[in-house]
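Report on the structure given below.
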Amino acid sequence: MGMYSLISIIGGLAFFLFGMNIMSSGLKKVAGDRLESVLQKMTDSPLKGLLFGAVITIAMQSSSALTVMLVGLVNSGIMSLLQTVGIIMGSNVGTTLTAWLLSLSGLKTDNPLLLLMKPEYFSPVIALIGVLLIMGAKQQKRKDLGFVLVGFAVLIHGMEWMSDALSPLAEMPEFTSILTAFKNPFLGVIIGTVFTGIIQSSAASVGVLQALSLTGHITYGVAIPIIMGQNIGTCVTALISSLGVSKNAKRVSVIHISFNLIGTAIGLIVYLFCEWVLQLQIFDAVITPFAIACFHSIFNVLTTIILLPFSKALVALAEHLIREDAKEEVFLDSRLLLSPAIAASECRKKTVLIMQKSSEGVHKAMGLLNAYDKMEKDNIHELEDEVDQMVEGCNQFLIQLSSVQSSGKESVMIADMLHVLGDMERISDYSLNLSSTVKKITQESADEITELSAYFAPINLELGEILDATVNAYERRDLTASRQIIEKTENLVKQIKKLKKSNLKSLRNGKVSAEASVYITDYLSVCRRIAEHSQNIAESLQ
């Protein structure tokens, strides 16, 4: 093999991996909303998780990326450990799709219609359609679909390039001698594991094996152990990703590795029995790209069927192996950025939690008028600190998310959340202002506290209802409720203005003390600001 052939192989592999990356990124954007809805349907049923895991992996075209994302979801406390088991198993099944597409390269026929199924014939047309969509489409979804098509065409071109560069190997006796060494099944598993671990994609690794099989010198005995090893190698990314995370998040990668190790061990036992005891002749036969895709799917499906009933046992094994204390759950894990749609969705769920805590702080502050309690005031302060930390975490996460390629819809969602988080933080800040005002009233106008409590009761009731409605409307994205909130807020602001004027008139007429008048003004001003920030949040839903 000359230097040019070696460069061609490396270039073909680069095109192959680059095309897969483009296709994967495009698929994630096209299927972004679907990925979110799939995750929302997750239950403790491993069977449902398996189906969803297969769907998500087909959409992302990367079982490694999915497992890394699961580490992030568990580390953020969004998913339980048991939910991930079925998804991991499903991801092994979903990742076999690429091999089936690439297997068409080995199709041999004289039928013109069947020849059109070969990627080398239809990929240029797909590339043209993709480029036209990228350049001419106005909708972002269609542009993303264009990137998927172009990525697939680049991937196919890379595989053809590798196949052409590898074809001279068929005439080299040195190549045959190397393959003879690979007939050792344990060495084959190691080779498959190492190579897949380096390029961090089992689908890409299988694709390279399919390209190599087109030389006509790869036998079943060589290919099968390598395929089994590729399943182990795909765990490397998740293993690296699990460093420095919570116990449960570490266990996700342990489950992934355990599943593939056990599956490979079972597969090796069956393989050795068939080769050494039954001495099947098929192991010496030349394997085709189609047969590689077929065995890849059968192996992953059978492994899943065998181990699915032992989902809880895999969790127990992971819990037994990972016992040491690790970092606590993080607020939002950066691994979620692998899928911008899911990252944006999970961040929005955190903003709902922030809004709930901000509203809780205001309710507690208003309740101090009825029975002032220093411990309750301290709780309000702790809530406000917690909200500040959560807002800061969301802001940093959204800034990271904005730098990741995302669809126009997600970009709008990011911008809206950044503005809404500011309103939520201000509402929380004002809960401290309210509690401080109530503290002054109880300390300096204790004899008027009952009267002032009754005076503020209608405002507190209306403001409390607005806050609760805002939380519910924001969580459900309820447009009708948001319009009602805007209307109620405007009425409350008008009511507060009237009370302020009435308070000023009472002060002039000597019906209220100067101290009480100041407290009334301060209290009403804070309530108005809280209402206006609630209105801003409601308007963000329009």
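FYI, it's all coordinate maths here, none of it is from the lab. A quick note: this is a predicted structure, and the numbers were derived from the prediction, not measured. Because the Cβ atoms are built from the backbone with ideal geometry, glycine has one as well, and the counts that use them run over all protein chains shown.
Results, tabulated for the structure shown:
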{"item": "Calculated FRET value between ASN509 and SER436, using beta carbons and R₀ = 30 Å, to 0.05", "result": "0.60"}
{"item": "GluC sites (Glu not before Pro) restricted to the stretch 306-375 and DSSP loop, no more than 16 other C-beta within 10 Å", "result": "GLU324, GLU328, GLU329"}
{"item": "Correct choice for Cα Rg over 2.2 N^0.38 Å that was computed from the model, options (i) 1.25; (ii) 1.29; (iii) 1.42", "result": "(ii)"}
{"item": "Members of LYS349/LYS494; LYS350/LYS494; LYS350/LYS439; LYS141/LYS250; LYS439/LYS498 lying beyond 28 Å, as alpha-carbon distances in this model show", "result": "LYS349/LYS494; LYS350/LYS494; LYS350/LYS439; LYS141/LYS250"}
{"item": "Fully extended contour minus Cα-Cα distance, from VAL404 to ALA454, at 0.36 nm per residue", "result": "12.8 nm"}
{"item": "Radius 10 Å from Cβ of GLY221, net charge of other residues (Lys, Arg +1; Asp, Glu -1)", "result": "-1"}
{"item": "Sites LEU302 and PHE122 - FRET efficiency at Förster radius 41 Å, r taken between beta-carbons, to 0.05", "result": "0.85"}
{"item": "Charge tally in the Cβ shell below 12 Å around GLY136, where Lys, Arg are +1 and Asp, Glu are -1, GLY136 excluded", "result": "+3"}
{"item": "Between helix 374-403 and the chain: long-axis angle, C-alpha atoms, 0 to 90°, nearest 10", "result": "40"}
{"item": "For the stretch 494-519 versus the stretch 221-299, the gap between their alpha-carbon centres in whole angstrom", "result": "78"}
{"item": "Summed side-chain charge close to ILE9 - residues other than ILE9 whose Cβ falls under 13 Å, Lys, Arg +1, Asp, Glu -1", "result": "-2"}
{"item": "Trypsin sites (Lys or Arg not before Pro) restricted to the stretch 467-527 and DSSP loop, no more than 16 other C-beta within 10 Å", "result": "ARG477, LYS511"}
